[in-house]
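Since the structure comes first, as structure tokens, the remarks are kept for the end.
The values are calculated or read from the model by the stated rules, or taken from the named source; none is laboratory data. From a predicted model like this one, the values you see are computed outputs, not experimental measurements. Positions of Cβ are generated from backbone atoms using ideal geometry, with glycine treated the same way; all protein chains shown enter the neighbour counts.
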Amino acid sequence: MTQPVHRFAKILIANRGEIACRIIRTARAMGYATVAVYSDADANAPHVAQADQAIRIGGSAASDSYLNIPALLAAAQQTGADAVHPGYGFLSENATFAQACKDAGLVFIGPPPEAIVAMGDKALAKRRMIAANVPTVPGYLDDDESDARLLAEADAVGFPLLVKAVAGGGGRGMRQVNNLAEMPEAIASARREALSAFDSDLMMLERLISRGCHIEIQIFADAHGNAVHLGERDCTAQRRRQKVIEEAPSPIVSLAMRAAMGADAVAAALAVAYQGAGTVEFIVDENLNHYFLEMNTRLQVEHPVTEMITGLDLVEWQLRVAAGEKLPLMQSQIQFSGHAIEARLYAEDPYQNFAPQTGEVLHYRPEEVADTGVRIDAGIVEGGVVTPYYDAMVSKVIGYGKTRDDAIRRLMAALADAPLLGLANNGRFLRDLVNHEAFRGAQMHTSLLDEWAANDDALMQRPAPSEQIWALAAALFADGGGWRSPSVSAFKLKLNCGDTARAFLVDARDGQVTVLPVGAGALHGGMSASPSANTPSGVRAIQVSDRRVSYTIDGVRHQAIVYRHQHQLYISQDAAVFVFSEVSAFPEAADNSNPRHARSSVAGTVARLDVAVGDLVVEGQTLAIVEAMKMETRVVANSAGEIFAVHTSIGEQVAVGTVLIEIEIEVKTS
């Protein structure tokens, strides 16, 4: 039977950030017009500027905008769009949305609603895979998903295990449980997060494959019965079940293993009459046995690494399949070349338990480093603001080369040469991770990063500025910058960087700036603007461009990226970012360390309150939970005492440092 052709000319992109920009790029190259949608928080976002048309769909919260199906359909009608691309996240795996688009006469650039239903329900998907002879992880997935039944079945599944949201994805609604005593809290927490993210709190259980590797297969299928795989991606480097680094091909997968996993992935797609792009995810145990985890019925965040090693545009394939065309290539025609590694740049502090960050992007210039060996898909620009409303990922940095070492080297260089300044991020952490012996030696497993975090591994330690960087900061502060009258020729300079303070003696006479660390002696060889200088004193650094400086120590010239903002100086070198400020002679009393005040460490939404005025608490007790960017962060008591005041409520948006609860430390007794 001849399959219908679905012609469309204008695509509404029901998403935001880097994936919206990515889709616009391919759509424009293929001659399609594009429509961007935006919330109040995204009115000035890059995807809005890049599309042919843009239309507001609601308030800043995702529920008011990017998850608002009536608003999206109305936007398509108002702009004349005849197709919808959902990107990933938000409504990309929502069968109701796919059906609503179909009912409205719009081409949904994704799988049929029936396939989304079949694979979106993890329990149903697992049953289908068993029927298709695809290996699956042992677990519990019967219809009775009550707390009592989950508790009763946990022992049969065995510990450690995972409590998983049936409608989940991206690590949300998932909790690791190590013993029966942990089950009630894990179930409650997973249900709460799943209900918020997916509007469903149904749960299932799966045995945790300890020290496993996460390998996924990219598949494509069309409406003509054709299905292929485009090889594997290794997504083993994860923290809290969230992917951090992805690469293709996997360093542990042989040609035979790829063929076997690819065949299982294609069988999974055919079992649900799939169409379009999809990813079948497997967990691989220490004996290299693979087990089906789930199928993501959408384009993946990490699709660029597959594009790099195949030379194919997966968004183009999506558009062609959605238009009713056959797959551009058959399995025997798909070739693989080279190695690609993607690092997810997140606005989060990896040295503070990966706490999400918000604020203005002061400096970010990825276009200065992208070339044939580096690709950067960014969803933020200088002057943009990272808000607490959406995922914390701001861009993806991809290194490509003939070998894995080539890809690692280029990725490290790109992270160093295109730092993001203005708010804490994981750029240096990513650079250190791909250079770690465990990563280079393909010794990662899915819980290794969490183990390192729990054991305070060296990788999780915040980098400290070197003596050179301290000296550079002192020279830049001393040499103008608007902090001090040029008539002052000699003074003592005190600088802060994080929790560390340093003092310097500055002599600015005779047109030369000399900086000497107090109590530490001069830097050997000094710091000079001239490559040939070799004196024990330092002179000003050369401003190479508006945001780069060159400085010389021991006859060797170095470069760093610098940015002055108000009374702060940002210095970035080797992907690390250090923020310096001059210590005021009249500092204000700080209240951040007051044990009476329980503050939010992240900007987000209060998801739970566990105490009320008059309750007695102990040190370390959980008082509240703040949800931000796919993470739940506990607010704990810094001291034992009595709850004196509660300054927040469930559902309230709070900023970093907001005092949520006050504790009276001295408990009064009658």
Filter result (crowded, with 23+ Cβ neighbours inside 10 Å and either free of Cβ contacts under 8 Å to residues at least 24 places away in the same chain or among the charged types (D, E, K, R) (or both)) within segment 356-408: K396
May I ask you to list the residues in segment 627-646 that are part of a strand (DSSP E or B), more than 18 Å from the chain's Cα centre (by Cα) and either touching a residue at least 24 places away in the same chain (Cβ under 8 Å) or not assigned by TED's automatic domain parsing to the domain that holds G604 (or both)? V635, V636, G641, E642, I643, F644, A645, V646
Would you say G278 is at positive phi, touching a helix residue (DSSP H, G or I) at 6+ places or on another chain (Cβ under 7 Å) and of a type in the set (G, A, S)? no
So K243 fits all but one of (1) surrounded by 21 or more Cβ atoms within 10 Å (Cβ to Cβ); (2) in contact with a strand residue (DSSP E or B) (Cβ under 6 Å, 6 or more places away or on another chain); what number is the exception? (2)
Within segment 270-280, can you find the residues that are at pLDDT 95 or above and under 16 Å from I130 (Cα atoms)? V280
Those residues that are outside any helix (DSSP H, G or I), buried (at least 23 other Cβ atoms within 10 Å of the Cβ) and either at positive phi or of a type in the set (V, I, T) (or both), I need them from segment 1-48; list them, please. I11, I13, T34, V35, V37
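Here are E451, E467: which of them is closer than 30 Å to P249 by Cα and at pLDDT 70 or above? Even if it seems obvious, please write down each step before you answer.
Numbers: E467 fails: closer than 30 Å to P249 by Cα.
Residue meeting the stated conditions: E451.
Is one or more of the residues making up segment 189-207 part of a strand (DSSP E or B) and among the aromatic types (F, W, Y)?
Just the residues of segment 189-207 that are part of a strand (DSSP E or B), to begin with: 203-207.
Now drop any that are not among the aromatic types (F, W, Y), which leaves none.
Looking for residues that are part of a strand (DSSP E or B) and among the aromatic types (F, W, Y), one finds none in segment 189-207, hence no.
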Restricting segment 543-575 to residues that are more than 18 Å from A413 (Cβ to Cβ) and acidic (D, E), the one surrounded by the most Cβ atoms within 10 Å (Cβ to Cβ) turns out to be D554
Here are E342, E325, E382, E368: which of them is over 16 Å from E247 (Cβ atoms) and touching a strand residue (DSSP E or B) at 6+ places or on another chain (Cβ under 7 Å)? E382
Note on segment 59-87: residues of a type outside the set (A, V, I, L, M) and surrounded by 24 or more Cβ atoms within 10 Å (Cβ to Cβ) are S65, Y66, H85, P86, G87
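Does segment 387-430 hold any residues that are in a loop (DSSP other than H, G, I, E, B) and among the basic types (K, R), and which are they? Let's see the steps before the verdict.
First, pick out the residues of segment 387-430 that are in a loop (DSSP other than H, G, I, E, B): 387-392, 402-403, 418-420, 422-426.
Matches in segment 387-430: K402 only.
When the residues of segment 343-352 are filtered to those that are part of a strand (DSSP E or B) and buried (at least 24 other Cβ atoms within 10 Å of the Cβ), which remaining residue is nearest to the chain's Cα centre (by Cα)? Don't jump to the end; show me each part of the working.
Restricting attention to segment 343-352, the residues satisfying the condition of being part of a strand (DSSP E or B) are 343-346, 348-349.
This time we only want the ones that are buried (at least 24 other Cβ atoms within 10 Å of the Cβ), so: 343, 345-346, 348.
Working: A343: 9, L345: 6, Y346: 4, E348: 8 Å.
Residue satisfying both the conditions and the ranking: Y346.
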Odd one out for L433 among (1) among the hydrophobic types (A, V, I, L, M, F, W, C); (2) touching a residue at least 24 places away in the same chain (Cβ under 8 Å); (3) in a helix (DSSP H, G or I); (4) surrounded by fewer than 17 Cβ atoms within 10 Å (Cβ to Cβ): (4)
Residues of segment 445-465 satisfying the condition of being in contact (Cβ under 8 Å) with a residue 12 or more places away in the chain and among the small types (G, A, S): S447, A453, A464
I need a count of the residues in segment 380-399 that are modelled with pLDDT of 95 or more, closer than 25 Å to A453 by Cα and not hydrophobic (A, V, I, L, M, F, W, C). 2
Only one of these is at pLDDT 80 or above and of a type in the set (S, T, N, Q): Q543, Q559, Q512. Name it. Q559
May I ask you to say which residue of N226, N296 is under 25 Å from A27 (Cα atoms), of a type outside the set (K, R) and at pLDDT below 95? N296
Here the residues within segment 353-379 that are modelled with pLDDT of 95 or more, in a loop (DSSP other than H, G, I, E, B) and of a type in the set (A, V, I, L, M, F, W, C) are V361, L362
What's the number of the only condition in (1) modelled with pLDDT under 85; (2) under 30 Å from E467 (Cα atoms); (3) surrounded by 15 or more Cβ atoms within 10 Å (Cβ to Cβ) that A628 fails to meet? (2)
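Within the bounds of segment 272-284, is there any residue that is closer than 17 Å to R22 by Cβ and hydrophobic (A, V, I, L, M, F, W, C)? Explain how you work it out, then say what you get.
So in segment 272-284, the residues closer than 17 Å to R22 by Cβ come out as 276-277, 279.
Adding the requirement that they be hydrophobic (A, V, I, L, M, F, W, C) leaves 277.
Yes, segment 272-284 contains a residue that is closer than 17 Å to R22 by Cβ and hydrophobic (A, V, I, L, M, F, W, C).
Can you tell me which residue in segment 189-217 is surrounded by the fewest Cβ atoms within 10 Å (Cβ to Cβ), limited to those that are under 22 Å from the mean Cα position of the chain (by Cα) and closer than 20 Å to A237 by Cα? Outline the logic, then answer.
We begin by selecting, within segment 189-217, every residue under 22 Å from the mean Cα position of the chain (by Cα); these are 189-190, 192-198, 212-217.
So of that shortlist, the ones also closer than 20 Å to A237 by Cα come out as 212-217.
Details: G212: 21, C213: 24, H214: 23, I215: 25, E216: 27, I217: 27.
Once the filter is applied, the top-ranked residue is G212.
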Just to be sure I understand the filter: pairs with C-beta atoms under 6 Å, separated by 6 or more residues or on different chains, first member in segment 47-74 and farther than 23 Å from D103 by Cα and charged (D, E, K, R), second member surrounded by 21 or more Cβ atoms within 10 Å (Cβ to Cβ) and modelled with pLDDT of 95 or more. Which pairs pass? D52/T34
For I334, are the conditions met, namely being under 29 Å from P113 (Cβ atoms) and either in the same structural domain as F90 (by TED's automatic domain parsing) or in contact with a strand residue (DSSP E or B) (Cβ under 7 Å, 6 or more places away or on another chain) (or both)? yes
Selection from segment 346-388 of residues that are touching a Lys or Arg at 6+ places or on another chain (Cβ under 6 Å) and hydrophobic (A, V, I, L, M, F, W, C): V374
Of V301, V385, V361, which residue is within 27 Å of M30 (Cα to Cα) and β-branched (V, I, T)? V301
Take residues that are within 18 Å of G89 (Cβ to Cβ) and touching a Leu at 6+ places or on another chain (Cβ under 6 Å) and tell me which of the strands (runs of 3 or more DSSP E) falling wholly in segment 239-342 contain 2 or more. 276-284
Anything in segment 143-185 that is in contact with an Asp or Glu (Cβ under 8 Å, 6 or more places away or on another chain) and either outside any helix (DSSP H, G or I) or among the polar types (S, T, N, Q) (or both)? List them, or say none. L161, L162, K164, A165, V166, A167, G169, R172, G173
Please go through (1) surrounded by fewer than 23 Cβ atoms within 10 Å (Cβ to Cβ); (2) touching a Lys or Arg at 6+ places or on another chain (Cβ under 9 Å); (3) in contact (Cβ under 8 Å) with a residue 60 or more places away in the chain for Q238 and return the number of the only condition it doesn't satisfy. (2)
